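Comments concern the structure below.
The values are calculated or read from the model by the stated rules, or taken from the named source; none is laboratory data. Since the model is a prediction, treat every value here as computed from it, not as a measurement. Because the Cβ atoms are built from the backbone with ideal geometry, glycine has one as well, and the counts that use them run over all protein chains shown.
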Amino acid sequence: MKTTIGTTLYDTLGGTTLVADPTHAGAMIEKGRLSIRNVIDSTIFVIAADSKINGHFTVLLSEVTKGDFSGFTDLSENLTTFVAGATGSKDYIYIGLSMHDAHDPATNSRMNGKATNADFDAFVNDLVAGANKNKVPSSIINSLGKIVESLRTTVVQM
């Protein structure tokens, strides 16, 4: 996809055009947010199967195994909002934990252990896999990668 001057990455992902939300009957969602949510949700499933980093998410995996998807829904919502804002959405502002606190078990009891550079690399690989499952063009994946990489020093705490 080609972007024009003044176009945000969020606009490139679909922007503010409203479309039917396939997971909430009768609801509408911005196309950019839906695109991001699809990648986030796919990435969460890739992480769940990735033995390199899924140990950081034992609370979430235990809940899902028991049929409780509230933690999954919250994680998806928070990450989607974070990425929407980071890509230029004017309609979504992330107000959750800082990236440092979100990844620190001392402040986020849902995290099992602090992240290493290897964990971060595994996350990036899983994010790319989630994006590829949604047929996101490589140029957009590269742009998202730059945003994610800018968080490395905040997320990696070991």
* Answer yes if at least one residue in region 142-156 is more than 15 Å from the chain's Cα centre (by Cα) and assigned to a loop (DSSP other than H, G, I, E, B), and no otherwise. => no
* To do: Evaluate the following for T80: is it under 23 Å from I147 (Cβ atoms) and over 17 Å from the mean Cα position of the chain (by Cα)?
  => no
* **Residues (β-branched (V, I, T) and not in a helix (DSSP H, G or I)) located in region 120-141** => V136
* Of (1) surrounded by fewer than 17 Cβ atoms within 10 Å (Cβ to Cβ); (2) in contact with a Lys or Arg (Cβ under 6 Å, 6 or more places away or on another chain), L18 satisfies all except one. Which? -> (2)
* Asked: Among D50, D11, which is under 17 Å from G130 (Cα atoms) and acidic (D, E)?
  -> D50
* To do: Within region 17-53, track down each residue that is in contact with a Leu (Cβ under 7 Å, 6 or more places away or on another chain), assigned to a helix (DSSP H, G or I) and not hydrophobic (A, V, I, L, M, F, W, C).
  => G32, S35, T43
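Kindly state which helices (runs of 4 or more DSSP H) lie completely within region 54-119 and contain at least 1 residues that are crowded, with 17+ Cβ neighbours inside 10 Å, of a type outside the set (A, V, I, L, M) and out of contact with any Gly (no Cβ under 6 Å at 6 or more places or on another chain).
Ranges flagged: 70-86.
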* Residue satisfying condition, being among the small types (G, A, S), at pLDDT below 95 and either out of contact with any Ser or Thr (no Cβ under 8 Å at 6 or more places or on another chain) or under 24 Å from I147 (Cα atoms) (or both), within set G6, G26, G71, G85 -> G6
